[in-house]
1. Jot down the radius of gyration and Dmax of the stretch 253-411, Cα atoms only, both in angstrom.
2. Say the cut-off is 21 Å between C-alpha atoms; which of K223/K319; K160/K185; K160/K220; K335/K369 go over it?
3. Accessible area, 1.4 Å probe, largest first: how do D4, D79 sort?
4. Hey, what did the chain get for relative contact order, percent, Cα under 8 Å, at least 6 apart?
5. Which is farthest toward the positive dipole end of the chain among L204, G336, A103, measuring Cα position about the Cα centre, with Cβ charges +1 (Lys, Arg) and -1 (Asp, Glu)?
6. Amide H of I251: which non-local residues (sequence gap of 5 or more, or other chain) have their own amide H closer than 5 Å, using H built in the peptide plane?
7. Where the Cα atoms of the stretch 214-339 are projected onto their three principal axes, how long is each span, largest first, in whole Å?
8. Just tell me, in residue order, which DSSP H segments of the chain are both 15 angstrom or longer along the helix axis (alpha-carbon based) and at least 0.0 in mean Kyte-Doolittle hydropathy.
Amino acid sequence: ITSDTIRIDGQSFPVDDFTNVTPNILSKIKRQLHLHQSHPISILRNLIETQLNDFRHFNSFSPIVSTRQNFDDLGFPIDHVGRNKTDSYYINRSVMLRTHTSAHQLQILSAGENKFLVSADVYRRDEIDSNHYPVFHQMEGVQVFDVAEAKEQVSCDITKIGQFNSACVLISNEADTDTSTNNQKNPIQFCHPVEAANSVGLHLKHTLNELVKRLFKDEKELKVRWIDAYFPFTSPSWEMEVLYQGKWLEICGCGVILQDLMNKAVRPNEIGWAFGLGLERIAMVLFDIPDIRLFWSNDPRFLDQFTTNEIKKFKPFSKYPASTRDISFWVDNNKGFHENNFCELVRSIAGDLVEDAKMIDEFVHPISKRRSLCYRIIYRSMDRNVTNEEINQIQLDVQKEVQTQLGVILR
Ligand code: PHE
């Protein structure tokens, strides 16, 4: 990054007041975990591609997209939170790192594809814990039908996909009942014949139910549930969640594609569904990987455990001790404070040594009305012991940088 341009992969981009990518984040672009044959993310991608064998795959789109591809084409309202600098990585006002694989829907639909999968790395500014990392992988799936033939095609296809017997338990499985009309916030679209929309919704859920049952066939009674959801580019919309380590984790958002998008692709007489699978979340369950940072490890003790096309449970090497530090500061009420900015700053200094950052205390001074926050940061390496001195140094840097970059006052 020079003063007025950023170079990424030989391409130059002008910087502006929206630029917030960091060297740490840009360094992840070249990793391409989803294409490393024996990496869990790639093994999983392959497995899904094999299950959905007649879908065309796209696996090498660049993560650098326009804000138009990522948001506008998909009908994101101008004030959608995802557009905030606090939530997404911008190269400048009009170019960004994609936040989801849906950014490629329109271009592929416009090219006339009917059934496809897109796997890729996606980027989001977020909190810090064992399930969140600023880069992760999604697989987009799209299937399109002729409106007039949707119902017939769907019932024929559903028979073809069949029903797999699995220990995986689907809770509130709405695939058999027509509940799409109950989805208030995200109803069947006016322009869609109800029967076609219901058929497509049913087909989507059947496809995903069967995929998940087959993926998790060896998990003892893994619980999976459907819930209603909202996305700017699908209606109705749903989410699929799995119960893992006592928490419901979202593994997939999906729905019936907004007709507006089909029209933009110049396909007004067709109706389609789309899903976006979170590959890390699924891989964590399948391979028993307890911390999302492990996917990025270069440690042979991690990488050498996995073989192409095989699901094997990860055998943790000993967990190294954690080192915990608290930091307290006054927030300037006029300047605003966003947790994602704080987390980004900690990550940019500590890299993968930071495991968790949580606010543990907040109070407002009764007279000055100033707000004070206290964060607990847990540092731990995935592959070695950390020394007190190195963590002290990192913590000193964090203390210094929060003051200069975030304008808070240490207590
Ligand atoms: N892109 C959405 C997300 O990342 C998921 C999604 C994909 C939802 C396709 C609907 C259809 O959250």
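1. 22.0, 65
2. Those over the limit are K223/K319; K160/K185; K160/K220.
3. Solvent-accessible surface, decreasing: D79, D4.
4. It rounds to 16 percent for the chain.
5. So the residue furthest toward the plus end is G336.
6. It is M240, E241, V242, by chain and number.
7. Answer, in whole Å and largest first: 58, 53, 28 Å.
8. Span-like helices, by this rule, are 40-51, 194-215, 339-350.
The values are calculated or read from the model by the stated rules, or taken from the named source; none is laboratory data. Quick caveat: nothing in here was measured; it's all calculated off a predicted structure. Please note: Cβ atoms are built from the backbone with ideal geometry, for glycine as well, and neighbour counts cover all protein chains shown. Areas reflect the complete protein model, heavy atoms only, side chains present, ligands, DNA and RNA absent. Shrake-Rupley method; radii C 1.70, N 1.55, O 1.52, S 1.80 Å.
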